[in-house]
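Below is one structure, written out as C-alpha cells; the observations come after it.
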Amino acid sequence: MKAPNLSRRHLLVQASAGSALLYASWLVQALPSRPGEEVVPWLDQPGPNPSGGVVDNLQTWESLASSFLTPNDRFFRVSHYDKPVIDEKKWNLEIAGLVKSPLTLSLPTIKARPKQQVVYTIECGGNHGFPWFTSGIGNARWGGTPLAPLLKQAGVTARGTEVVFWGADSGTEAIRDMKLPQHFARSMSLADAMNPDNLLCYEMNGAALPQPHGAPVRLIAPGWYGVANVKWLQRIEVRDTRYMGRFMARDYVTIREEQRDGGATEFVETSVGRTLLKSAPAKVTRKDGRYRIVGAAWGAPIARVDVQVDNGPWRQATIDRSDQGKFAWTFWSVDWPNAAPGEHTITSRAADTAGNVQPAMDDSRIARKKTYWESNGQVARRISIA
C-alpha cells in the first residue's frame, strides 16, 4: 500500500497528540538531508565551559541543526542561583500587588484553564558573547495557559504599570557593603505582559516541563531573550514602578557608546529585552565530493539569508519553509560548488521582512557595544577542506 503523503507539520500535530514514535521520526526528518552525507568538523569548536554550572548542557551547532525542535535533553540551560526541586502538589502561584482580586493558583487549576501552544526559539542574551558560548539556543513547542486572561481576572488597578515575575531560585547578592538574599526576578510593562502569546508554561515538546527548565511552571514570553522567561515561577506582582533588581538594572544590561552632536561620547545602558535578528552557520556537509552549508536564522520573520565564503560574493541561501513559526528559527542551506582545499571562513547574514539586515562585526551597532549581551553580529566559522 502506498504511504500517505504527510507534511512534517502534520507529523508534528500527530506527535503532539501523543505518538512518541512518530514524534521521534519527525525530529530526525525535520531538516532535509542527503542520505550518506557526512559532517565536516569546524576548526573553531568552542572551548571548555568555564561558567561553573551557570550555563549548562551546551550542544554543538552540528547537533542543534539536526532537528527543527530541540529535544528536551539537548536543550541548553542557564541558572544564576540554585536550581530548586519543587513539590508540585504543594506549589501555588500568586498573582498579587496592584490588583483588585489577588489569585492563588495550584497546578491543577492552571492546567484546567484553556491551553495554548507556541513554537518559540529561546536564545540566551549572552550567546556568542564569549568564544566558548556559541550554542545557547534551542527551539521547542511550549504549552500552557495564556497569562493575559489571569491578569484581567485579577483586575489590575489604574496604578499598575509594571509586572514582576519572581522565581523560586534564590541566592545572595553583594550590594555595596551589604549581602542580601534575593530571588531571581524580571519584569516587563503591563502592556508587554498582556501580550496574548505569553504563557504560564507547564509543557515542553509535549512532555511535562522538566525540572531544570523551571518546573512546575515557568513564564514563556515569545520574542524575548531567555532571561525574560522566568523559571520556577512562584509569584507575579503588579507594581507602579519599574523593577530594578540585578537582572534588570545591574546585569543583563547592554552598554553602548553613542556619539552626540559636536562629537561628545555618551555611554547608554539598556536592559536586555526582545531578541534581535540573527543567523549562524551550523554545519558543512559533504557527499560524493559535493559540499553544502547549513544554518539557522531567527529573531524576526526571515526574508532571506546570504552566505559568504572567505571574501567572495554573498550568495543567497535556500530557506526551508516547510516548518514555520512566528517565533521559531528558520533553517537554510546553500550548495558550495568547487570547494577548494585549505582553510576557509564561512559567514552568514539574515534579512527580515522589514528590511533590517544582521550587522557586520564592524557595524557601529556592534563595534560600539561595550558588553557581551545581545551579540547579534554576523557569525563567521572556520573550516578546512581536504
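The values are calculated or read from the model by the stated rules, or taken from the named source; none is laboratory data. Keep in mind it's a predicted model, so treat the numbers as computed, not measured. Neighbour counts run over all protein chains shown; Cβ positions are idealised from the backbone, glycine included. Side chains are part of the model used for accessible areas, which takes the heavy atoms of the whole protein and leaves out ligands, DNA and RNA. Shrake-Rupley method; radii C 1.70, N 1.55, O 1.52, S 1.80 Å.
Please determine whether any residue of region 282-290 is in contact with a helix residue (DSSP H, G or I) (Cβ under 7 Å, 6 or more places away or on another chain), among the β-branched types (Val, Ile, Thr) and crowded, with 18+ Cβ neighbours inside 10 Å.
Scanning region 282-290 turns up no residue that is in contact with a helix residue (DSSP H, G or I) (Cβ under 7 Å, 6 or more places away or on another chain), among the β-branched types (Val, Ile, Thr) and crowded, with 18+ Cβ neighbours inside 10 Å.
Total residues in region 177-204 satisfying the condition of being within 16 Å of Trp166 (Cα to Cα) and in a loop (DSSP other than H, G, I, E, B): the figure is 1.
Look through Ile346, Ile366 and report the one residue that is free of Cβ contacts under 8 Å to residues at least 40 places away in the same chain and not in a loop (DSSP other than H, G, I, E, B).
Numbers: Ile346 fails: free of Cβ contacts under 8 Å to residues at least 40 places away in the same chain.
That would be Ile366, the only listed residue that is free of Cβ contacts under 8 Å to residues at least 40 places away in the same chain and not in a loop (DSSP other than H, G, I, E, B).
Is it true that some residue in region 147-157 is in a strand (DSSP E or B) and open to solvent by 40 Å² or more (accessible area, probe 1.4 Å)? Scanning region 147-157, I find no residue that is in a strand (DSSP E or B) and open to solvent by 40 Å² or more (accessible area, probe 1.4 Å), so the answer is no.
Ile385 meets each of the listed conditions (1) closer than 23 Å to Val118 by Cβ; (2) modelled with pLDDT of 95 or more apart from (1).
Here Lys89 passes the criteria (1) open to solvent by 60 Å² or more (accessible area, probe 1.4 Å); (2) over 26 Å from Ile236 (Cβ atoms); (3) free of Cβ contacts under 8 Å to residues at least 40 places away in the same chain except the one numbered (2). Pairing residues of region 94-105 that are at positive phi with residues that are in a strand (DSSP E or B), at Cβ distances under 7 Å and at least 6 apart in sequence or on separate chains, gives Gly97/Glu237; Gly97/Val238; Gly97/Arg239.
Just the residues that are of a type in the set (Ser, Thr, Tyr) and out of contact with any Leu (no Cβ under 9 Å at 6 or more places or on another chain), please, taken from region 332-358. Spell out the reasoning first.
Just the residues of region 332-358 that are of a type in the set (Ser, Thr, Tyr), to begin with: 333, 345, 347-348, 353.
Thr345, Thr347, Ser348, Thr353 - these are the residues of region 332-358 that are of a type in the set (Ser, Thr, Tyr) and out of contact with any Leu (no Cβ under 9 Å at 6 or more places or on another chain).
Just checking, how many residues over region 300-326 are assigned to a loop (DSSP other than H, G, I, E, B) and within 18 Å of Ser67 (Cα to Cα)?
Residues flagged as assigned to a loop (DSSP other than H, G, I, E, B) and within 18 Å of Ser67 (Cα to Cα) within region 300-326 amount to 7.
Taking the criterion of being touching an Asp or Glu at 6+ places or on another chain (Cβ under 6 Å) and open to solvent by 60 Å² or more (accessible area, probe 1.4 Å), the residues of region 233-257 that qualify are Arg235, Arg239, Arg242.
Of the set (1) within 26 Å of Thr254 (Cβ to Cβ); (2) open to solvent by less than 30 Å² (accessible area, probe 1.4 Å); (3) assigned to a loop (DSSP other than H, G, I, E, B), all apply to Leu69 but (1).
Taken together, Gly143, Gly171, Gly167 contain a single residue that is within 29 Å of Ser279 (Cβ to Cβ), assigned to a strand (DSSP E or B) and at pLDDT 95 or above, which is Gly143. If I ask for residues that are touching a residue at least 24 places away in the same chain (Cβ under 8 Å) and out of contact with any Asp or Glu (no Cβ under 6 Å at 6 or more places or on another chain), which ones from region 207-217 would you list? Those that are touching a residue at least 24 places away in the same chain (Cβ under 8 Å) and out of contact with any Asp or Glu (no Cβ under 6 Å at 6 or more places or on another chain): Ala207, Pro210, Gln211, Pro212, His213, Gly214, Ala215, Val217.
For region 95-140, the tally of residues that are more than 23 Å from Gly160 (Cα to Cα), assigned to a strand (DSSP E or B) and open to solvent by less than 40 Å² (accessible area, probe 1.4 Å) stands at 12. Within region 171-188, the only residue that satisfies the criterion of being of a type in the set (Ser, Thr, Tyr) and open to solvent by less than 40 Å² (accessible area, probe 1.4 Å) is Ser187.
Within region 261-278, the set of residues being touching a residue at least 60 places away in the same chain (Cβ under 8 Å) and either among the aliphatic types (A, V, I, L, M) or assigned to a strand (DSSP E or B) (or both) comprises Phe267, Val272, Leu276, Leu277, Lys278. Consider region 220-272. How many of its residues are of a type in the set (Gly, Ala, Ser) and more than 19 Å from Trp142 (Cβ to Cβ)? Residues meeting the conditions: 6.
Scan region 122-141 for residues that are under 15 Å from Val379 (Cβ atoms), touching a strand residue (DSSP E or B) at 6+ places or on another chain (Cβ under 7 Å) and of a type outside the set (Gly, Ala, Ser) and report the count. Don't jump to the end; show me each part of the working.
Step one: list which residues in region 122-141 are under 15 Å from Val379 (Cβ atoms), which gives 123-124, 126-137.
Imposing the further condition that a residue be touching a strand residue (DSSP E or B) at 6+ places or on another chain (Cβ under 7 Å) reduces the set to 123-124, 126-128, 133, 136-137.
Right, trim to of a type outside the set (Gly, Ala, Ser) and you get 123-124, 127-128, 133, 137.
Of the residues in that region, 6 qualify.
The set of residues in region 56-66 being open to solvent by 20 Å² or more (accessible area, probe 1.4 Å) and of a type in the set (A, V, I, L, M) consists of Leu58 alone. Does Val163 fit the bill of being surrounded by 23 or more Cβ atoms within 10 Å (Cβ to Cβ), at negative phi, in contact with an Asp or Glu (Cβ under 9 Å, 6 or more places away or on another chain) and not small (Gly, Ala, Ser)? When the stated conditions are applied, Val163 passes them.
Checking Gly206 against (1) open to solvent by 20 Å² or more (accessible area, probe 1.4 Å); (2) in contact with a helix residue (DSSP H, G or I) (Cβ under 6 Å, 6 or more places away or on another chain); (3) on the phi < 0 side of the Ramachandran plot, which single condition isn't satisfied? Checking Gly206 against (1) open to solvent by 20 Å² or more (accessible area, probe 1.4 Å); (2) in contact with a helix residue (DSSP H, G or I) (Cβ under 6 Å, 6 or more places away or on another chain); (3) on the phi < 0 side of the Ramachandran plot, the one that fails is (3).
Output yes when any residue across region 305-313 is open to solvent by less than 80 Å² (accessible area, probe 1.4 Å), touching a Leu at 6+ places or on another chain (Cβ under 8 Å), closer than 27 Å to Tyr225 by Cα and not aliphatic (A, V, I, L, M), and no when none is. Among the residues of region 305-313, not one is open to solvent by less than 80 Å² (accessible area, probe 1.4 Å), touching a Leu at 6+ places or on another chain (Cβ under 8 Å), closer than 27 Å to Tyr225 by Cα and not aliphatic (A, V, I, L, M), which makes the answer no.
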